[in-house]
Amino acid sequence: MDTSAALQLLEHGRIEVEGRLVDASNATLFCKISLDGVDAQCVYKPVRGERPLWDFPDGTLAGREVATYLISAASFGVVPPTVLRPGPFGSGMVQLWVDTREEDELVDIIGVDDVKPGWIPVFHAHDRFGDPAVLVHADHPRIAEMSAFDVVVNNADRKGGHVLHALDGSVHGVDHGICLHTEPKLRTVLWGWAREPLPDRVVDSLRRLRSSLDSDLGETLHEHLTRAEVRAVGERVDKLLAAGVYPEPSGDWPAIPWPAF
């Protein structure tokens, strides 16, 4: 399904709740959505099911998810189609479901002797049995783009389980409710390219995003974010382009979310 058709379905389709994702910290419902004989699965997160966060007092988590999608759509294209609309339990975020290759994850924790070519170590630790282990992610061009995208949206919670390897081979990021704060809050498992030069494709996406922020995208984001938050997106893009390299953890706050998955 192309993006235009997916957005049409998400915006106007009939939502039927089929279950709940119980591991989520906020109400996250698995649903069927239907329009004119077309069916798909989606995730619906009603605003009324959000737990208040003291450090994200403005707007809603659903609004931040939609804003993150809009930024992605104008640049890296890593977030599945996402809208804000009424649903069975009131207004909420509705996002197209992504079926994944469960046996082919892109982020993993493995033994230190099991790191193979094509994987990048992020940090060393110990597994639940006390044995040495290492967090790794795939050396994949779309993961490299997602890593830069997380810097732009100031993602405070990029867990391994939020990186999806779709059945068609595409790569997507989900769960962006705690993004786009004005203060630095980047926490991610995708640190494998720290201090390395940004690929040309990433630079092109950043420049395209910067141009969009100066036109219609900037105004659209104000529907979901404060003006300071929208301004901070542009500042992070400018800083990343000026540096020309991926950032490294600052040491001022935890660099990796916990749990990591």
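If you average the sequence gap of Cα pairs under 8 Å that are 6 or more apart and divide by the length of the chain, what percent do you get for the contact order?
Relative contact order for the chain comes out at 18 percent.
Only helices at least 15 Å long along their axis, Cα-based, and averaging 0.0 or more on Kyte-Doolittle count here, so list those DSSP H runs from the chain.
Flagged H segments are 61-73, 141-153.
If you keep only loop residues by DSSP, which chymotrypsin sites (Phe, Trp or Tyr not before Pro) in the range 126-226 have at most 11 other Cβ atoms within 10 Å of their Cβ?
Filter output for the range 126-226: Phe129.
Given N residues in the range 127-252, what is its alpha carbon radius of gyration divided by 2.2 N^0.38 Å?
1.12
How many angstrom separate the Cα center of the range 167-205 from the Cα center of the range 60-99?
Cα centres, the range 167-205 to the range 60-99: 17 Å.
For Val112 and Asp252, what does the FRET efficiency come to when R0 = 30 Å and r is the distance between their Cβ atoms, rounded to the nearest 0.05?
FRET efficiency, Val112 to Asp252: 0.60.
Please identify every one of the trypsin sites (Lys or Arg not before Pro) in the range 76-182 that sits in a loop by DSSP and has no more than 14 other beta carbons within 10 Å of its own beta carbon.
Arg101, Arg128
Determine the gain in length on full extension of the stretch Arg208-Asp55; use 0.36 nm per residue of separation and subtract their C-alpha separation, reporting nm with one decimal.
Separation in residues times 0.36 nm, less the Cα-Cα distance, equals 52.1 nm.
Per residue, how much accessible area does the chain have with a 1.4 Å probe, in Å²?
About 50 Å² of surface per residue is accessible.
Which three lengths, in whole Å and largest first, does the chain cover when its Cα atoms are put on their principal axes?
52, 42, 36
Placing +1 on the Cβ of each Lys and Arg and -1 on the Cβ of each Asp and Glu in the range 143-218, which of Val153, Ser170, Ser205 has its Cα farthest towards the positive end of the resulting dipole?
Going by the Cα projections, it comes out as Val153.
Ignoring ligands, DNA and RNA, what percent of the 1.4 Å accessible area of the chain is carbon and sulfur?
51
Pull up all non-local amide H partners of Trp119: gap of 5 or more, or a different chain, and H-to-H distance under 5 Å with H placed in the peptide plane.
Answer set, sorted by chain and number: Asp139.
Counting only helical runs of four or more DSSP H residues, what would the 222 nm mean residue ellipticity of the chain come to if each run contributes -39,500 (n - 2.57) and the total is spread over all its residues?
Rounded to the nearest 500, the figure is -8500 deg cm²/dmol.
Of the peptides 19-28, 209-218, 58-67, how do they stack up when ordered by the mean number of other Cβ atoms within 10 Å, highest first?
58-67, 209-218, 19-28
Pairs to check: Lys159/Lys239; Lys116/Lys185; Lys45/Lys116. Give those whose C-alpha atoms are more than 29 Å from each other in this structure.
Pairs exceeding 29 Å: Lys116/Lys185; Lys45/Lys116.
Ignoring ligands and nucleic acids, what accessible area does Ser91 show with a 1.4 Å probe (Å², nearest 10)?
Estimated to the nearest 10 Å², Ser91 gives 60 Å².
The values are calculated or read from the model by the stated rules, or taken from the named source; none is laboratory data. Computed from a predicted structure; not experimentally measured. All Cβ positions, glycine included, derive from the backbone under ideal geometry; neighbour counts span all protein chains shown. For the accessible areas, the whole protein counts, side chains as well, though only heavy atoms, and no ligand, DNA or RNA atoms are used. Shrake-Rupley method; radii C 1.70, N 1.55, O 1.52, S 1.80 Å.
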